[in-house]
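Peer 1: Quick one: the structure is below, questions incoming.
The values are calculated or read from the model by the stated rules, or taken from the named source; none is laboratory data. Since this is a predicted model, take the numbers as computed values, not measurements. A quick note on method: Cβ atoms are made from the backbone with ideal geometry, for glycine too, and the neighbour counts reach across all protein chains shown. Only protein heavy atoms, including side chains, enter the accessible area calculation; ligands, DNA and RNA are left aside. Shrake-Rupley method; radii C 1.70, N 1.55, O 1.52, S 1.80 Å.
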Amino acid sequence: QVQLVESGGDSVQPGSSLRLSCAAGGFRFSWHRMSWYRQAPGKERELVAQINEGHSTIYVDSVKGRFTISRDNAKNMLYLQMNSLKPEDTAAYYCKAEGLNYWGQGTQVTVSS
C-alpha cells in the first residue's frame, strides 16, 4: 500500500530555513512526478513545487528562489529545502505522488516572530 510520511516541520522565525522530508513506499517512486503541496487554515491546498522523473522542477511564484525540491530515488525520499521563510509560508505541507490518489498526514510549518 502507498505510504507517504512527511517530516521536518517546525515553528521558526521569519528568515529561517527548514528542510522537509517525505519517505515514500508502496509504489515505484522513480516512475512518478512528485510534488509538495501546502494548505493554510481557511485556504485551498496549493501546489508549491514539483519534480519529475528527470529531475526537472517547477515552483509556484511565491517560493521561487527560496525553496528547492529534490529527490533521492535510491532512498525513495523527497525533500523540500525552504530558505528565507516568511509568515505567509505557514501551512501544513504534504508530499504527493502525482497520479496516485493518496495523501500523507502532512507536516506543520509555522513562521512567526
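Peer 1: Quick one: compute the contact order of the range 1-66, relative version, from alpha carbon pairs under 8 angstrom and 6+ residues apart, as a percent.
Peer 2: Across the range 1-66, relative contact order equals 22 percent.
Peer 1: May I ask you to derive the FRET efficiency for Ser113 and Lys64 from their Cβ-Cβ distance with R0 = 35 Å, giving the value to the nearest 0.05?
Peer 2: Given R0 = 35 Å and the Cβ-Cβ separation, E is 0.90.
Peer 1: Whenever you get a sec, line up Asp72, Asp89, Asp10, Asp61 from highest to lowest accessible area (probe 1.4 Å, protein heavy atoms).
Peer 2: So, going from the largest accessible area down, we get Asp61, Asp10, Asp72, Asp89.
Peer 1: Calculate the dipole size of the chain relative to its Cα centre from +1 charges on Lys and Arg beta carbons and -1 charges on Asp and Glu beta carbons; express the result in debye to the nearest 20.
Peer 2: For this selection, approximately 140 debye.
Peer 1: Measure off, as a whole percent, the carbon and sulfur share of the 1.4 Å-probe accessible area of the range 1-43, all protein chains present.
Peer 2: 43 percent
Peer 1: What distance in nm separates the two pseudo spin-label positions at Arg19 and Glu98, each 7 Å out from Cα along the beta-carbon direction?
Peer 2: My value for the distance between the label points is 2.5 nm.
Peer 1: Of Ser70, Ser17, Ser56, which is the most mobile in a GNM of the chain whose springs link Cα atoms less than 10 angstrom apart?
Peer 2: Ser56
Peer 1: What is the antiparallel percent of DSSP beta bridges lying wholly in the chain, to the nearest 5?
Peer 2: Here the share of antiparallel DSSP bridges comes out near 95 percent.
Peer 1: Taking springs between alpha-carbon atoms closer than 10 angstrom, which of Lys43, Lys96, Lys86 fluctuates most in the Gaussian network model of the chain?
Peer 2: So, out of Lys43, Lys96, Lys86, the one fluctuating most is Lys43.
Peer 1: If you don't mind, there's one more thing I want to ask. Averaging sequence separations of C-alpha pairs under 8 Å and six or more residues apart, then dividing by the length of the chain, give the relative contact order as a whole percent.
Peer 2: Relative CO of the chain lands at 37 percent.
Peer 1: Modelling each spin label as a point 7 Å along the Cα-to-Cβ direction, I'd like the Val2/Ser84 distance in nm, to one decimal.
Peer 2: Reported label-point gap for Val2 and Ser84 is 3.4 nm.
Peer 1: If you don't mind, another one. In whole angstrom, how far apart do the alpha carbon centroids of the range 13-47 and the range 49-77 sit?
Peer 2: Computed from Cα coordinates, the inter-centre distance equals 9 Å.
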